[in-house]
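Reviewing the structure listed below.
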Amino acid sequence: MKPCLAVSITAAVMLASCGLEPVQGLAPAETGAGVARGSLVMDGGAEVERRRWGAGPRGAVASRLDEQLARSSFAVDALKPETEDADIWGLMRIGGAPAHALGLDLLSGRYEGDQHAALGIAGAPEDADRRALLETSLWSRYALARDASEAEGLAFAIARRGGRRSVPRLIAELRADDGPLRGEDGAQLWTSVAMICARGVQISEDARDKMIEGLEDGVASRRRESARAIARCLASSAEVFGDEDIRTAAVGRLTRMTRANDLSEARMAWRALSALGQVEDAAPTELTWESRRAERWLVDLEMVHALATRDEGRAALMAWVDRLAAPPRDERIVHVMRAIFGELLARAETIEGLAVFAKGRREAWKLGGASSAAPPRVRKIQALLRCDLAALEAVASRDIKLFEACAADGEAQISTTVARLRIDALSKISSITEGKKAAADLVALAQATQPTTAALALSALAELDHPAVNGTLRAALDRPDVGVLAAASAAFASRSLDTRLRDPLAIAALAKVVGRRTAVPALEGRLAALEALGRLVTPEKSQEDRSTTGGLKDEHLKLLREVVLPLARHGNVTVRSTARAVLSPHQEFRGELTAMMPLPASSPPAPALSALLRGNQTPSRGLRVETEAGSFVVDFRGVDASINQRHLAKLAQGGFYEGLRWHRVVPGFVVQGGDPRGDGYGGPGYLVPCEYSNITYERGAVGIATAGRDTGGSQLFVTHAPTPHLDGRYTLVGFVAPEQMAVVERILPDDRILSVTAVSDVDAPEPR
């Protein structure tokens, strides 16, 4: 599951936010629409500030939306405790099609005085006409914005729902001398462009030129966000950055930004340089190896990724490591060190002397078998670094046996990391040498009885040209494990893009998964199989532009109509939208899909969740999380996500989290845990709806990981740094205080959660 949205926000903002994933927030009544600092005074007088989009009064919209929801498929009466206003608003945010219909009315100004009410709508339009109407309505309202605050909130809304035609309008607003967003406020326009690019929208040369101009803007926040936009837009629009002169201009300006005193600006400059794959000789050449300042180690991390894109930079990285007399003990520096090793592994075939370097570091740092005399934390750090270096040596020497000593060393505390490194090393050796032995080893691991190992290996088979791969993937579709199903299906989807690797024989097996694996725990596997099925039945000539005008084989047309078409009205919005994405390119289904409108609201919450809410459980103020790295508190105050917050508190009270691992650690981005399987495919056995919010994902934000909208569960993630591309996409439940973030930053892969406790106060624990 990946990191859903929910809160009181303007009608425009919440309309825009709904449909991808989650956010939330309780808006102060005196604030207008747009971005605002909302203060909430909680019981006991504690004031909590959260940055919000579109804060505004609730007004009469509450009763109107309540009426709409009462006519929807949600069991509102069963889920709404009489005294819990927050629960009512939680249901409003989840509301589906009725709430969306009311939101369009609000945007048009039909209800006098309520246009900017705080309103969360999770039922974004699923048909193209309504999406276009919404985008037009947002821009019409933007043209009438009363002030910068309202305009900024609408720009955020446009970022969530706008498409390619919105990018030039955002650029035009950046150029306007009299627009509502000028100076510092104009940074949101660049953030909005970046968020649109994050959804795969391509940009024009004009937009590219304006981005590069923005790198020399006199306002630091605008420079930073223009760099963020370049980093994001390169993924979807690399061709418009192909001209050498254009890239040279961008690299020169970004290089100057890397020396900025504002560390957040320097960090974004390095990230954009990494995306461009170019770094000037004039760029800084020394890591600080310093972690005490929150942003400093994050700047070093981005610097590593950027410098690793060129030969001289990789040589510098190795020299910096060589100068260290001992392995680091500070986990944040370990993150930076492991990033270096990961970048070297990815480019192992281009680096001379890599095997000697890896072996030399292990010997110089005395990274042999774990010593029982060392503290447990030191032993774990040494085990991680030893296995990283063993993987480097194995790949550089083209001999996986050099890694086996690490894999067999009894490193129980990093078992998942060891399995991943072994498969990464085998995959890299296979791609470098085209060796049959490494490929055969990967195929064997894909058949392992241990599901996590099998899923990792199946993912690695996606690009492997070996005669046994397709048969191995088909066999995996008969296994009951959701991770194995998802990995095998995703591999088929990837292989469908290469005519040499496509496997038409997989179509029947994938259809069987889609039609029969209907239980909630198998959801991710079913969704992956649905997408792969769509890729494989699409005529090969249409794979590039993803549009067809007919040409489906009769048996494929029959299969899609019998297996996929019924899912286009499924109660779960993620299943429904995935099925529609499979069918919509084919003209044979366009009439039937149109006839299905309007679509149903999302399905009601699971019985287990309904029982929890009916119990009128007293809301907790937060969660105290005890980990192997120390303790921190997730503060719920000031964040409207009562359904998800109550659910997490209930799981905590039942001891659900004890002993689970932080299975996903992406330094500079998030740490994620709460999966009983330990690989990202698990949860409580039922789905929790997303609650959308207008609170931004700042450093220390805590969100709910999902596989799509309304597929939440028990998995949490905590952000290392501001992540605006998550705004309006994932349920945000709370925040970790800045003074406790050092604990979150020390979490290493496979660290355990010792306990999670629901708390009635949020006094900061002493970090260990």
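If Pro284 satisfies every condition in (1) at pLDDT below 90; (2) closer than 26 Å to Val378 by Cβ; (3) surrounded by fewer than 19 Cβ atoms within 10 Å (Cβ to Cβ) but one, which is the exception?
Exception for Pro284: condition (2).
Which pairs have Cβ atoms under 7 Å, sit 6 or more apart or on different chains, and link a residue in the stretch 462-481 that is closer than 13 Å to Arg495 by Cα to one that is of a type in the set (Asp, Glu)?
Final answer for the pair search is Asn470/Asp503.
Does the stretch 670-679 include one or more residues that are crowded, with 20+ Cβ neighbours inside 10 Å and assigned to a helix (DSSP H, G or I)?
So far as the stretch 670-679 goes, no, none of its residues is crowded, with 20+ Cβ neighbours inside 10 Å and assigned to a helix (DSSP H, G or I).
Scan the stretch 325-366 residue by residue and report those that are assigned to a helix (DSSP H, G or I) and β-branched (Val, Ile, Thr). Please lay out each step first, then the result.
First, the residues of the stretch 325-366 that are assigned to a helix (DSSP H, G or I): 331-346, 348-350, 354-364.
Residues satisfying the conditions are Ile333, Val334, Val336, Ile340, Thr350, Val356.
Scan the stretch 358-400 residue by residue and report those that are of a type in the set (Val, Ile, Thr) and touching a helix residue (DSSP H, G or I) at 6+ places or on another chain (Cβ under 9 Å).
Of everything in the stretch 358-400, those that are of a type in the set (Val, Ile, Thr) and touching a helix residue (DSSP H, G or I) at 6+ places or on another chain (Cβ under 9 Å) turn out to be Ile381, Val395, Ile400.
Within the group Arg228, Arg247, which residue is out of contact with any Gly (no Cβ under 7 Å at 6 or more places or on another chain), closer than 24 Å to Glu343 by Cβ, surrounded by 24 or more Cβ atoms within 10 Å (Cβ to Cβ) and at pLDDT 90 or above? Step through it out loud before you land on a result.
Values: Arg247 fails: surrounded by 24 or more Cβ atoms within 10 Å (Cβ to Cβ).
Answer to the check: Arg228.
The values are calculated or read from the model by the stated rules, or taken from the named source; none is laboratory data. What you see is a predicted model, and the numbers here were worked out from it, not measured in a lab. Cβ sites come from the backbone with ideal geometry, for glycine too, and all protein chains shown count toward neighbours.
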